[in-house]
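What follows is a short report on a single structure.
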């Protein structure tokens, strides 16, 4: 079975990422996350929070779900 192609949805706080992930799962959207350890976060201000990746074919739907959690995103 081929794995779906994923794209980055965005970078979120841990709490928001968890809430968005729940919505993605309920919608049946394939997703994964990448978070950096404290050492990397100290060295690079760009590596805060959690990056969420979603299946490329459902990116727009995933964005709508993310905006339910973070309306001004």
> So how much slack lies between residue 57 and residue 14, counting 0.36 nm per residue of separation and subtracting their Cα-Cα distance, in nm?
Replying inline: 13.0 nm
> Residues in the stretch 3-38 near a label at residue 68, defined as backbone nitrogen under 13 Å from the 7 Å Cα→Cβ point?
Replying inline: 19-29
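Here, each number is a calculation from the coordinates, and none is a lab measurement. Since the model is a prediction, treat every value here as computed from it, not as a measurement. Please note: Cβ atoms are built from the backbone with ideal geometry, for glycine as well, and neighbour counts cover all protein chains shown.
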